[in-house]
Amino acid sequence: MHELPVTEDILRIACEEAAKHGAARVSDIYMTIGQFSSIVDDSVQFFWDHISQGTLCEGAKLHFERPPAVLHCNQCAREFELQDELLPCPNCASFDLSVISGDEMQVDHIDIVKEDDHD
Amino acid sequence: MTERVEIVKKILDSNERLALNNQALLDNHGILGLNIMASPGAGKTSFILQTIKRLPPGLRLGVIEGDTAPVTIDADKVLAAGMPAVQINTGGECHLDAVMMESALQALPLAELDLVIVENVGNLICPAAFKLGTHANLLVASIPEGDDKPYKYPNIYRDLQVLIVNKIDLKPYIDFRMDYFIQGVRALNPGLVIFELSCKTGEGFEAWTNWLVSQVKARKQEA
């Protein structure tokens, strides 16, 4: 699996942005990872616990939003979510389908704690 | 008190940027880059060797061989066929990435080439996530793997430009419904270019190599 390079990139993005905004540390990281990405949350968390040590992101909580892949039926225009397997349109049984979403893999936002916070 | 910082940045974007540099390097030399992916045993190396045999004499090809272990069997086969080959040992990694591709390109005589074929690590999940900077991703699927693969592993078919259906000589022996297979593939990737062929008998190779040669020429003209 390729979760290590993915986790390294999440760490790089979060640390860069945190430093840019003068963070003392990062408390939370929010990501969107679509169904087509083949990324396993637990594996990312496993690598994260190791590689984030000693960085601004050490101890930050990872939040994964996992939107399903959405398919559009070109015959009857029904939109439906991809299950584990590719199945025909639930309305008209056609396999004439287009993929609308599911390829997302991004860091959306982070929550940072600033040095001069005393409350 | 925490403060929210909006980011919205693509993960693995740094790999994609490096891949764009690799592609620019290929473009500067008028070279077509092809990334070949498949599960182990689908026939990637045979497919490359059979393709080399059928290319017109003037077409100059280099091969980048990705492997998880330091073995040079595949690269040796390509060298024996008279083509420059570079072996990348990924050190156990399940895929090639743009960094490995960059160093492999530096080891090839780019000024003397028209086409670079990359044989990715035999794996269907990971290589698809890492762009290399090639102009096309090609998947070698094979009849014995079964006709349900696009339905069971839809992810793999998303970012391909070319699909090779290999081992069609085995059709009489295996219950493989080509229509069903292609229907699933088309749903996931409508513009995909598909060739059915056999590395064993050579059936179907002419259409594939004609297409490849036309793509190489088109790339040369753009340069």
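The values are calculated or read from the model by the stated rules, or taken from the named source; none is laboratory data. Because the structure is a prediction, the values reported are computed rather than measured. Every residue, glycine among them, receives a Cβ derived from its backbone with ideal geometry; neighbour counts consider all protein chains shown.
Go through (1) in a strand (DSSP E or B); (2) farther than 30 Å from A:Ala18 by Cα and name the single condition A:Ile112 misses. Only one criterion is unmet by A:Ile112, namely (2). Counting only residues that are in contact with an Asp or Glu (Cβ under 7 Å, 6 or more places away or on another chain) and surrounded by 17 or more Cβ atoms within 10 Å (Cβ to Cβ), which one in region B:159-186 is nearest to the other protein chains (Cβ to nearest Cβ)? Out of the qualifying residues, it is B:Phe181. When restricted to residues that are surrounded by 14 or more Cβ atoms within 10 Å (Cβ to Cβ) and over 16 Å from the mean Cα position of the chain (by Cα), region B:200-216 contains 3.
Being modelled with pLDDT under 95, loosely packed, with under 13 Cβ neighbours inside 10 Å and on the phi > 0 side of the Ramachandran plot, is that true of even one residue in region A:58-72? Yes, that holds for at least one residue.
Of all residues being in a helix (DSSP H, G or I) and touching a Lys or Arg at 6+ places or on another chain (Cβ under 7 Å) in region B:15-53, which is modelled with the highest pLDDT? Just the residue, please. Please lay out each step first, then the result.
First pass over region B:15-53, keeping only residues in a helix (DSSP H, G or I): B:15-28, B:44-53.
Now narrow it down to the ones that are touching a Lys or Arg at 6+ places or on another chain (Cβ under 7 Å): B:15-16, B:19, B:45, B:49.
Details: B:Asn15: 89, B:Glu16: 90, B:Ala19: 94, B:Thr45: 86, B:Leu49: 89.
Across region B:15-53, the extreme among qualifying residues is B:Ala19.
Tell me, please, whether a residue that is in a strand (DSSP E or B), in contact (Cβ under 8 Å) with a residue 60 or more places away in the chain and farther than 15 Å from B:Asn21 by Cβ can be found in region B:104-115. Yes. Restricting attention to region B:162-188, which residues are of a type outside the set (A, V, I, L, M, F, W, C) and either within 18 Å of B:Phe47 (Cβ to Cβ) or in a helix (DSSP H, G or I) (or both)? Answer for region B:162-188, where residues must be of a type outside the set (A, V, I, L, M, F, W, C) and either within 18 Å of B:Phe47 (Cβ to Cβ) or in a helix (DSSP H, G or I) (or both): B:Asn166, B:Lys167, B:Asp169, B:Lys171, B:Pro172, B:Tyr173, B:Asp179, B:Tyr180, B:Gln183, B:Gly184, B:Arg186.
Listed here are the residues, each with its yes/no results for (1) outside any strand (DSSP E or B); (2) out of contact with any strand residue (DSSP E or B) (no Cβ under 9 Å at 6 or more places or on another chain).
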| site | (1), (2) |
| --- | --- |
| A:Ile29 | no, no |
| A:Val44 | yes, no |
| A:His50 | yes, yes |
| A:Gly59 | yes, no |
| A:Pro68 | yes, no |
| A:His72 | no, no |
| A:Leu87 | yes, no |
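In region A:44-97, which residues are more than 19 Å from A:Tyr30 (Cα to Cα) and of a type in the set (S, T, N, Q)? Selection gives A:Asn74, A:Gln75, A:Gln83, A:Asn91, A:Ser94.
Test B:Gly191 against the stated conditions and say whether it is closer than 15 Å to B:Ala38 by Cα, small (Gly, Ala, Ser) and assigned to a loop (DSSP other than H, G, I, E, B). Break it down stepwise before answering.
Numbers: closer than 15 Å to B:Ala38 by Cα: no; small (Gly, Ala, Ser): yes; assigned to a loop (DSSP other than H, G, I, E, B): yes.
No; evaluated as a whole, the condition is false for this residue.
When the residues of region A:95-109 are filtered to those that are assigned to a strand (DSSP E or B), under 14 Å from the mean Cα position of the chain (by Cα) and facing chain B (nearest Cβ under 7 Å), which remaining residue is surrounded by the most Cβ atoms within 10 Å (Cβ to Cβ)? Steps first, please.
Kept after step one, since they are assigned to a strand (DSSP E or B), are these residues of region A:95-109: A:97-101, A:105-109.
Then drop every residue that is not under 14 Å from the mean Cα position of the chain (by Cα), which leaves A:101, A:105-109.
Next, from what is left, pick out any that are facing chain B (nearest Cβ under 7 Å): A:105-109.
On the way: A:Met105: 20, A:Gln106: 19, A:Val107: 23, A:Asp108: 15, A:His109: 17.
It comes out as A:Val107.
Taking the conditions (1) under 16 Å from the mean Cα position of the chain (by Cα); (2) more than 12 Å from chain B (Cβ to nearest Cβ); (3) loosely packed, with under 15 Cβ neighbours inside 10 Å in turn, A:Glu79 satisfies each one other than (1).
Scan A:Thr32, A:Thr55, A:Thr7 and give me the residue that is within 30 Å of B:Val121 (Cβ to Cβ) and surrounded by 20 or more Cβ atoms within 10 Å (Cβ to Cβ).
So the residue among A:Thr32, A:Thr55, A:Thr7 that is within 30 Å of B:Val121 (Cβ to Cβ) and surrounded by 20 or more Cβ atoms within 10 Å (Cβ to Cβ) is A:Thr7.
Against the numbered list (1) crowded, with 20+ Cβ neighbours inside 10 Å; (2) over 29 Å from A:Ser94 (Cα atoms); (3) of a type in the set (Asp, Glu), B:Glu112 comes up short only at (1).
Within region A:9-55, the set of residues being within 12 Å of chain B (Cβ to nearest Cβ), more than 30 Å from A:Ile100 (Cβ to Cβ) and not polar (S, T, N, Q) comprises A:Leu11, A:Cys15, A:Glu16, A:Ala18, A:Ala19, A:Lys20, A:His21, A:Gly22, A:Ala23, A:Ala24, A:Arg25, A:Val26.
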